[in-house]
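First up is the structure itself, then whatever we jot down about it.
The values are calculated or read from the model by the stated rules, or taken from the named source; none is laboratory data. Treat the numbers as computed from the prediction; the structure is a model and nothing was measured. Methodologically, a virtual Cβ is constructed for each residue, glycine included, from the backbone with ideal geometry; neighbour enumeration extends over all protein chains shown. SASA here: full protein model, heavy atoms, side chains in, ligands and nucleic acids out. Shrake-Rupley method; radii C 1.70, N 1.55, O 1.52, S 1.80 Å.
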Amino acid sequence: MAGALRQLARATANDPAIGAALRKLPGVWQSQGRGWNSIAVPFKGAPFYRLLLNQYNETLSFAFADKNVPNRGVRKTPTGFETEDQFVLALDYDQRVNQIAVTDFPVSDQRGEEGQGIHREVGMWLQMKDFNTGDIDIARMSTIPHGNAVLALGTSREITDRTELDNFCIPRIDGLPPGGGDFTDPEERQKYLEPYVKLHETPFNGKVDVSQVEGFPGFSPVEPHHLLNFNNKDLKFSNIIELAVDTEVEEEGVRSGGVNNIPFAVKQAEAVSMKSTFWIQELDGVTDADGNPQLQLQYAQTVMIDFFFPRKDGHPGRIKWPHVSINTLRKLTESAGEEVMIDIWAKDSVDGNLFNK
(Lines give C-alpha, C1' and ligand atoms only; values in the text may rest on other atoms or scores of the structure.)
Protein backbone atom coordinates (compact mmCIF):
# COMPACT_ATOMS: atom_id res chain seq x y z
CA MET A 1 0.00 0.00 0.00
CA ALA A 2 2.96 2.29 -0.59
CA GLY A 3 1.84 5.84 -1.29
CA ALA A 4 -1.67 5.33 0.10
CA LEU A 5 -3.31 8.68 0.85
CA ARG A 6 -4.56 9.29 4.41
CA GLN A 7 -8.10 10.71 4.50
CA LEU A 8 -10.39 11.80 7.33
CA ALA A 9 -14.04 11.95 6.28
CA ARG A 10 -17.59 11.28 7.40
CA ALA A 11 -18.03 7.54 7.55
CA THR A 12 -20.65 6.00 5.31
CA ALA A 13 -21.96 2.46 5.36
CA ASN A 14 -20.54 0.07 2.78
CA ASP A 15 -17.66 2.41 1.89
CA PRO A 16 -15.21 0.12 0.04
CA ALA A 17 -12.32 1.98 1.70
CA ILE A 18 -13.52 0.59 5.06
CA GLY A 19 -12.58 -3.05 5.57
CA ALA A 20 -15.30 -5.68 5.50
CA ALA A 21 -15.12 -6.23 9.27
CA LEU A 22 -16.20 -2.64 10.06
CA ARG A 23 -18.03 -1.65 6.88
CA LYS A 24 -21.56 -2.00 8.26
CA LEU A 25 -20.95 -0.01 11.46
CA PRO A 26 -21.05 3.64 10.20
CA GLY A 27 -24.27 5.38 11.21
CA VAL A 28 -26.42 5.39 14.34
CA TRP A 29 -27.61 2.38 16.31
CA GLN A 30 -30.19 2.53 19.09
CA SER A 31 -31.94 0.32 21.60
CA GLN A 32 -34.90 1.07 23.84
CA GLY A 33 -34.92 -1.01 27.00
CA ARG A 34 -32.90 -3.93 25.58
CA GLY A 35 -29.66 -3.04 27.34
CA TRP A 36 -28.82 -4.67 30.69
CA ASN A 37 -25.77 -4.67 32.91
CA SER A 38 -24.58 -5.91 36.27
CA ILE A 39 -21.76 -4.57 38.41
CA ALA A 40 -20.50 -5.28 41.92
CA VAL A 41 -19.28 -2.17 43.75
CA PRO A 42 -17.71 -1.63 47.19
CA PHE A 43 -20.33 -1.13 49.90
CA LYS A 44 -20.10 -0.14 53.56
CA GLY A 45 -22.42 -2.92 54.81
CA ALA A 46 -22.12 -6.70 54.79
CA PRO A 47 -21.12 -8.47 52.57
CA PHE A 48 -19.07 -5.30 51.80
CA TYR A 49 -20.21 -5.12 48.20
CA ARG A 50 -23.57 -4.58 46.57
CA LEU A 51 -24.69 -5.93 43.23
CA LEU A 52 -26.25 -3.30 40.97
CA LEU A 53 -28.40 -4.18 37.94
CA ASN A 54 -29.51 -1.70 35.27
CA GLN A 55 -31.89 -1.77 32.35
CA TYR A 56 -30.92 0.90 29.85
CA ASN A 57 -31.39 2.74 26.56
CA GLU A 58 -28.39 3.28 24.32
CA THR A 59 -27.28 5.35 21.35
CA LEU A 60 -24.11 4.15 19.62
CA SER A 61 -22.87 6.24 16.71
CA PHE A 62 -19.99 5.85 14.25
CA ALA A 63 -19.33 9.16 12.50
CA PHE A 64 -15.82 9.57 11.08
CA ALA A 65 -13.35 7.30 9.34
CA ASP A 66 -9.60 7.95 9.28
CA LYS A 67 -8.40 5.98 6.28
CA ASN A 68 -4.87 4.73 5.69
CA VAL A 69 -3.29 5.78 8.98
CA PRO A 70 0.41 4.88 8.57
CA ASN A 71 2.53 3.09 11.16
CA ARG A 72 6.11 3.57 10.00
CA GLY A 73 8.59 0.73 9.96
CA VAL A 74 11.49 -0.91 8.14
CA ARG A 75 12.65 -4.47 7.55
CA LYS A 76 16.12 -5.80 7.03
CA THR A 77 17.02 -7.34 3.69
CA PRO A 78 20.23 -8.99 2.47
CA THR A 79 21.24 -5.67 0.93
CA GLY A 80 20.14 -3.24 3.65
CA PHE A 81 16.75 -1.95 4.82
CA GLU A 82 13.42 -1.42 3.08
CA THR A 83 10.35 0.52 4.10
CA GLU A 84 7.67 -1.62 5.77
CA ASP A 85 4.74 0.58 6.74
CA GLN A 86 1.50 -0.75 8.15
CA PHE A 87 -1.78 0.98 7.25
CA VAL A 88 -4.73 1.14 9.62
CA LEU A 89 -8.39 2.12 9.21
CA ALA A 90 -9.77 3.96 12.27
CA LEU A 91 -13.53 4.34 12.81
CA ASP A 92 -14.54 6.54 15.73
CA TYR A 93 -17.54 5.91 17.97
CA ASP A 94 -19.59 7.62 20.67
CA GLN A 95 -21.64 5.60 23.18
CA ARG A 96 -24.30 7.09 25.49
CA VAL A 97 -26.29 5.05 27.98
CA ASN A 98 -29.26 6.06 30.17
CA GLN A 99 -30.67 3.75 32.84
CA ILE A 100 -34.44 3.32 32.75
CA ALA A 101 -34.78 0.87 35.64
CA VAL A 102 -32.43 -0.16 38.43
CA THR A 103 -32.23 -2.51 41.39
CA ASP A 104 -29.52 -3.52 43.81
CA PHE A 105 -28.86 -5.90 46.69
CA PRO A 106 -28.24 -5.14 49.45
CA VAL A 107 -30.75 -2.34 48.83
CA SER A 108 -29.14 1.10 49.01
CA ASP A 109 -29.93 4.76 48.43
CA GLN A 110 -27.09 5.02 45.89
CA ARG A 111 -28.77 3.48 42.86
CA GLY A 112 -29.33 6.72 40.98
CA GLU A 113 -32.44 8.09 39.33
CA GLU A 114 -34.27 6.44 36.48
CA GLY A 115 -33.49 8.21 33.21
CA GLN A 116 -30.09 9.51 34.25
CA GLY A 117 -26.96 8.98 32.19
CA ILE A 118 -24.85 6.14 33.58
CA HIS A 119 -22.19 5.64 30.91
CA ARG A 120 -20.36 7.70 28.29
CA GLU A 121 -17.60 6.30 26.16
CA VAL A 122 -15.69 7.56 23.14
CA GLY A 123 -13.15 5.62 21.18
CA MET A 124 -12.15 4.01 17.92
CA TRP A 125 -12.35 0.67 16.22
CA LEU A 126 -9.25 -0.15 14.20
CA GLN A 127 -8.77 -2.54 11.31
CA MET A 128 -5.18 -3.41 10.46
CA LYS A 129 -4.98 -3.65 6.68
CA ASP A 130 -1.63 -5.40 6.46
CA PHE A 131 1.35 -6.74 8.44
CA ASN A 132 -0.91 -8.34 11.04
CA THR A 133 0.60 -10.00 14.09
CA GLY A 134 -0.73 -13.55 14.15
CA ASP A 135 -4.49 -13.55 13.66
CA ILE A 136 -5.00 -10.06 15.11
CA ASP A 137 -6.73 -7.85 12.55
CA ILE A 138 -8.88 -5.50 14.67
CA ALA A 139 -8.60 -3.42 17.84
CA ARG A 140 -10.83 -1.25 19.98
CA MET A 141 -9.62 1.79 21.91
CA SER A 142 -11.93 3.23 24.58
CA THR A 143 -11.88 6.11 27.04
CA ILE A 144 -14.35 6.30 29.93
CA PRO A 145 -14.77 9.34 32.23
CA HIS A 146 -14.35 7.27 35.40
CA GLY A 147 -10.67 7.54 34.50
CA ASN A 148 -10.11 4.40 32.40
CA ALA A 149 -8.39 3.91 29.06
CA VAL A 150 -8.68 0.59 27.25
CA LEU A 151 -6.87 -1.09 24.35
CA ALA A 152 -8.32 -4.45 23.29
CA LEU A 153 -7.22 -6.50 20.29
CA GLY A 154 -8.70 -9.42 18.47
CA THR A 155 -10.10 -11.00 15.36
CA SER A 156 -12.99 -10.62 12.96
CA ARG A 157 -14.86 -13.27 11.04
CA GLU A 158 -17.86 -13.39 8.74
CA ILE A 159 -20.49 -16.10 9.12
CA THR A 160 -22.16 -17.03 5.83
CA ASP A 161 -22.65 -20.79 6.17
CA ARG A 162 -26.39 -21.50 6.21
CA THR A 163 -26.17 -24.20 8.85
CA GLU A 164 -24.12 -22.02 11.20
CA LEU A 165 -26.49 -19.10 10.68
CA ASP A 166 -29.55 -21.27 11.37
CA ASN A 167 -27.98 -22.56 14.58
CA PHE A 168 -26.48 -19.28 15.73
CA CYS A 169 -26.54 -18.85 19.49
CA ILE A 170 -24.83 -16.37 21.81
CA PRO A 171 -22.41 -18.45 23.90
CA ARG A 172 -22.72 -18.75 27.65
CA ILE A 173 -21.53 -15.79 29.75
CA ASP A 174 -20.43 -16.58 33.30
CA GLY A 175 -21.35 -13.61 35.47
CA LEU A 176 -19.93 -14.98 38.73
CA PRO A 177 -16.73 -13.54 40.25
CA PRO A 178 -13.65 -15.76 39.69
CA GLY A 179 -12.19 -16.54 43.08
CA GLY A 180 -15.36 -15.33 44.80
CA GLY A 181 -16.41 -18.66 46.22
CA ASP A 182 -18.25 -21.82 45.23
CA PHE A 183 -21.76 -21.02 43.97
CA THR A 184 -22.85 -24.58 44.77
CA ASP A 185 -21.65 -24.44 48.39
CA PRO A 186 -24.55 -23.41 50.70
CA GLU A 187 -22.25 -21.69 53.22
CA GLU A 188 -20.39 -19.64 50.62
CA ARG A 189 -23.63 -18.82 48.80
CA GLN A 190 -24.97 -17.31 52.01
CA LYS A 191 -21.80 -15.66 53.24
CA TYR A 192 -20.14 -14.26 50.10
CA LEU A 193 -22.47 -14.66 47.13
CA GLU A 194 -25.87 -13.79 48.58
CA PRO A 195 -26.46 -10.82 46.19
CA TYR A 196 -25.83 -13.09 43.17
CA VAL A 197 -28.08 -15.80 44.59
CA LYS A 198 -30.84 -13.30 45.34
CA LEU A 199 -30.84 -11.68 41.88
CA HIS A 200 -30.37 -14.98 40.05
CA GLU A 201 -33.26 -16.73 41.77
CA THR A 202 -35.45 -13.64 41.20
CA PRO A 203 -34.25 -12.23 37.85
CA PHE A 204 -34.60 -8.49 37.23
CA ASN A 205 -37.45 -7.61 34.86
CA GLY A 206 -36.91 -3.85 34.78
CA LYS A 207 -39.81 -2.17 33.01
CA VAL A 208 -40.82 -5.28 31.07
CA ASP A 209 -44.44 -6.35 31.64
CA VAL A 210 -43.81 -10.09 31.81
CA SER A 211 -47.53 -10.81 31.44
CA GLN A 212 -47.28 -9.37 27.91
CA VAL A 213 -43.95 -10.93 26.88
CA GLU A 214 -44.25 -14.69 26.74
CA GLY A 215 -41.24 -16.57 28.02
CA PHE A 216 -39.31 -13.48 29.13
CA PRO A 217 -36.45 -14.88 31.26
CA GLY A 218 -35.50 -11.68 33.09
CA PHE A 219 -31.95 -10.53 33.56
CA SER A 220 -29.80 -12.82 35.69
CA PRO A 221 -26.34 -11.58 36.75
CA VAL A 222 -25.18 -15.23 36.78
CA GLU A 223 -26.28 -16.15 33.23
CA PRO A 224 -26.87 -12.88 31.34
CA HIS A 225 -26.60 -14.40 27.85
CA HIS A 226 -30.14 -15.78 28.01
CA LEU A 227 -31.64 -12.36 27.22
CA LEU A 228 -29.54 -11.96 24.06
CA ASN A 229 -30.77 -15.30 22.76
CA PHE A 230 -34.33 -14.48 23.82
CA ASN A 231 -34.22 -11.40 21.60
CA ASN A 232 -33.30 -13.64 18.64
CA LYS A 233 -35.90 -16.37 19.16
CA ASP A 234 -38.04 -15.45 16.14
CA LEU A 235 -35.25 -14.15 13.89
CA LYS A 236 -33.19 -15.61 11.06
CA PHE A 237 -29.93 -14.17 9.79
CA SER A 238 -28.53 -13.95 6.28
CA ASN A 239 -25.09 -12.76 7.40
CA ILE A 240 -23.21 -12.15 10.66
CA ILE A 241 -19.92 -10.37 11.26
CA GLU A 242 -18.27 -11.17 14.59
CA LEU A 243 -15.77 -8.80 16.21
CA ALA A 244 -14.07 -10.30 19.29
CA VAL A 245 -11.49 -8.31 21.28
CA ASP A 246 -9.61 -8.82 24.55
CA THR A 247 -7.21 -6.66 26.58
CA GLU A 248 -5.10 -9.71 27.45
CA VAL A 249 -3.60 -10.86 24.15
CA GLU A 250 -0.36 -12.55 23.21
CA GLU A 251 0.51 -13.32 19.59
CA GLU A 252 3.92 -14.37 18.23
CA GLY A 253 5.48 -13.67 21.62
CA VAL A 254 4.12 -10.11 21.71
CA ARG A 255 1.89 -9.14 24.64
CA SER A 256 -0.40 -6.22 23.92
CA GLY A 257 -3.54 -4.54 25.16
CA GLY A 258 -4.52 -3.48 28.64
CA VAL A 259 -6.48 -1.14 30.91
CA ASN A 260 -5.07 1.96 32.61
CA ASN A 261 -6.86 3.65 35.52
CA ILE A 262 -6.54 6.81 37.61
CA PRO A 263 -5.01 6.25 41.10
CA PHE A 264 -8.30 6.30 43.04
CA ALA A 265 -9.72 3.54 40.85
CA VAL A 266 -6.55 1.47 41.26
CA LYS A 267 -6.85 1.65 45.04
CA GLN A 268 -10.63 1.19 45.34
CA ALA A 269 -12.04 -0.74 42.37
CA GLU A 270 -9.52 -1.37 39.62
CA ALA A 271 -10.63 -2.36 36.13
CA VAL A 272 -7.99 -4.89 35.07
CA SER A 273 -9.30 -6.53 31.90
CA MET A 274 -12.04 -6.38 29.28
CA LYS A 275 -13.44 -8.88 26.80
CA SER A 276 -16.06 -7.85 24.27
CA THR A 277 -17.79 -9.42 21.28
CA PHE A 278 -19.95 -7.61 18.72
CA TRP A 279 -22.26 -9.53 16.39
CA ILE A 280 -23.39 -7.41 13.41
CA GLN A 281 -26.40 -9.29 12.05
CA GLU A 282 -28.26 -8.87 8.78
CA LEU A 283 -31.84 -9.99 9.37
CA ASP A 284 -33.21 -12.41 6.81
CA GLY A 285 -36.40 -11.14 5.17
CA VAL A 286 -36.60 -7.93 7.25
CA THR A 287 -36.08 -4.48 5.73
CA ASP A 288 -35.83 -0.99 7.21
CA ALA A 289 -37.92 2.04 6.25
CA ASP A 290 -35.65 2.68 3.25
CA GLY A 291 -36.08 -0.85 1.94
CA ASN A 292 -32.57 -1.98 2.90
CA PRO A 293 -31.84 -5.15 4.89
CA GLN A 294 -32.38 -4.42 8.59
CA LEU A 295 -29.18 -4.60 10.60
CA GLN A 296 -29.03 -5.62 14.25
CA LEU A 297 -26.05 -5.28 16.58
CA GLN A 298 -25.69 -7.44 19.68
CA TYR A 299 -22.82 -7.26 22.10
CA ALA A 300 -21.62 -8.93 25.25
CA GLN A 301 -18.87 -7.29 27.30
CA THR A 302 -17.20 -8.29 30.56
CA VAL A 303 -14.92 -5.93 32.46
CA MET A 304 -13.13 -7.50 35.42
CA ILE A 305 -12.84 -5.24 38.48
CA ASP A 306 -10.54 -6.05 41.41
CA PHE A 307 -11.40 -4.86 44.90
CA PHE A 308 -11.31 -5.79 48.56
CA PHE A 309 -11.09 -9.49 49.21
CA PRO A 310 -8.28 -11.97 48.51
CA ARG A 311 -9.35 -14.75 46.17
CA LYS A 312 -10.84 -17.82 47.83
CA ASP A 313 -9.57 -20.37 45.29
CA GLY A 314 -5.89 -20.30 46.26
CA HIS A 315 -4.78 -18.08 43.38
CA PRO A 316 -2.96 -14.81 44.16
CA GLY A 317 -4.57 -11.39 44.06
CA ARG A 318 -8.01 -10.02 44.82
CA ILE A 319 -11.40 -11.37 43.76
CA LYS A 320 -12.30 -10.32 40.20
CA TRP A 321 -15.83 -8.93 39.99
CA PRO A 322 -17.43 -9.11 36.50
CA HIS A 323 -19.08 -5.97 35.16
CA VAL A 324 -21.23 -7.48 32.41
CA SER A 325 -23.11 -5.47 29.77
CA ILE A 326 -25.34 -6.86 27.03
CA ASN A 327 -27.52 -5.16 24.45
CA THR A 328 -29.46 -5.62 21.23
CA LEU A 329 -29.55 -2.53 18.99
CA ARG A 330 -31.06 -1.80 15.59
CA LYS A 331 -29.44 0.41 13.00
CA LEU A 332 -31.42 3.54 12.12
CA THR A 333 -32.01 4.62 8.54
CA GLU A 334 -29.60 7.26 7.28
CA SER A 335 -32.14 10.11 7.62
CA ALA A 336 -33.25 9.03 11.12
CA GLY A 337 -29.64 8.70 12.19
CA GLU A 338 -28.87 12.22 11.01
CA GLU A 339 -31.78 13.58 13.06
CA VAL A 340 -30.50 11.81 16.18
CA MET A 341 -26.98 13.17 15.73
CA ILE A 342 -28.23 16.74 15.12
CA ASP A 343 -30.31 16.47 18.31
CA ILE A 344 -27.32 15.21 20.32
CA TRP A 345 -24.98 17.91 19.00
CA ALA A 346 -27.58 20.61 19.71
CA LYS A 347 -27.98 19.46 23.32
CA ASP A 348 -24.21 19.25 23.77
CA SER A 349 -23.73 22.82 22.64
CA VAL A 350 -26.84 24.44 24.16
CA ASP A 351 -27.64 22.86 27.50
CA GLY A 352 -24.67 20.62 28.21
CA ASN A 353 -26.74 17.44 28.20
CA LEU A 354 -24.31 14.79 27.00
CA PHE A 355 -26.87 11.99 27.10
CA ASN A 356 -29.54 11.45 24.48
CA LYS A 357 -32.78 10.96 26.39
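For residue 276, the criteria (1) exposed (fewer than 15 other Cβ atoms within 10 Å of the Cβ); (2) under 16 Å from the mean Cα position of the chain (by Cα) hold in every case but one, which is (1). Taking the conditions (1) basic (Lys, Arg); (2) over 30 Å from residue 231 (Cα atoms); (3) in a strand (DSSP E or B) in turn, residue 34 satisfies each one other than (2). Return the residue satisfying two criteria in turn: it lies in the range 78-94 and is part of a strand (DSSP E or B) and open to solvent by 20 Å² or more (accessible area, probe 1.4 Å), and of such residues it is farthest from residue 56 (Cα to Cα). The residue in question is 80. Here residue 307 passes the criteria (1) among the hydrophobic types (A, V, I, L, M, F, W, C); (2) more than 26 Å from residue 128 (Cβ to Cβ); (3) open to solvent by 30 Å² or more (accessible area, probe 1.4 Å) except the one numbered (3).
Checked against (1) out of contact with any Gly (no Cβ under 7 Å at 6 or more places or on another chain); (2) buried (at least 17 other Cβ atoms within 10 Å of the Cβ); (3) at pLDDT 90 or above, residue 32 meets all criteria but (2). Remark: residue 287 falls outside the filter, which requires a residue to be at pLDDT 90 or above and within 15 Å of the chain's Cα centre (by Cα). Restricting attention to the range 160-194, the residues being modelled with pLDDT of 85 or more, part of a helix (DSSP H, G or I) and closer than 19 Å to residue 104 by Cα number 1. From the list 245, 286, the lone residue that is in a strand (DSSP E or B), touching a strand residue (DSSP E or B) at 6+ places or on another chain (Cβ under 7 Å) and open to solvent by 30 Å² or more (accessible area, probe 1.4 Å) is 286. Does at least one position in the range 51-68 carry a residue that is open to solvent by less than 10 Å² (accessible area, probe 1.4 Å), of a type in the set (A, V, I, L, M), outside any strand (DSSP E or B) and modelled with pLDDT of 95 or more? For the range 51-68, residues open to solvent by less than 10 Å² (accessible area, probe 1.4 Å), of a type in the set (A, V, I, L, M), outside any strand (DSSP E or B) and modelled with pLDDT of 95 or more: absent. Take the residues of the range 124-159 that are part of a loop (DSSP other than H, G, I, E, B) and open to solvent by 70 Å² or more (accessible area, probe 1.4 Å): which is modelled with the lowest pLDDT? Checking each candidate, the answer is 131. Would you please name the residue that is surrounded by the most Cβ atoms within 10 Å (Cβ to Cβ), looking only at residues in the range 251-273 that are of a type in the set (D, E, K, R) and touching a residue at least 60 places away in the same chain (Cβ under 8 Å)? Per the criteria, the residue is 251. Please find, within the range 206-242, the residue that is surrounded by the most Cβ atoms within 10 Å (Cβ to Cβ) out of those that are touching a Leu at 6+ places or on another chain (Cβ under 8 Å) and of a type in the set (Val, Ile, Thr). Here the answer is 222.
Counting the residues of the range 316-356 that are modelled with pLDDT of 60 or more and open to solvent by less than 40 Å² (accessible area, probe 1.4 Å) gives 16. Would it be correct to say that residue 22 is assigned to a loop (DSSP other than H, G, I, E, B), modelled with pLDDT of 95 or more and under 30 Å from residue 82 (Cβ atoms)? Criteria met by residue 22. Considering the range 104-123 alone, what residues qualify as being buried (at least 18 other Cβ atoms within 10 Å of the Cβ) and either of a type in the set (S, T, N, Q) or under 22 Å from residue 249 (Cβ atoms) (or both)? Passing the criteria: only 123.
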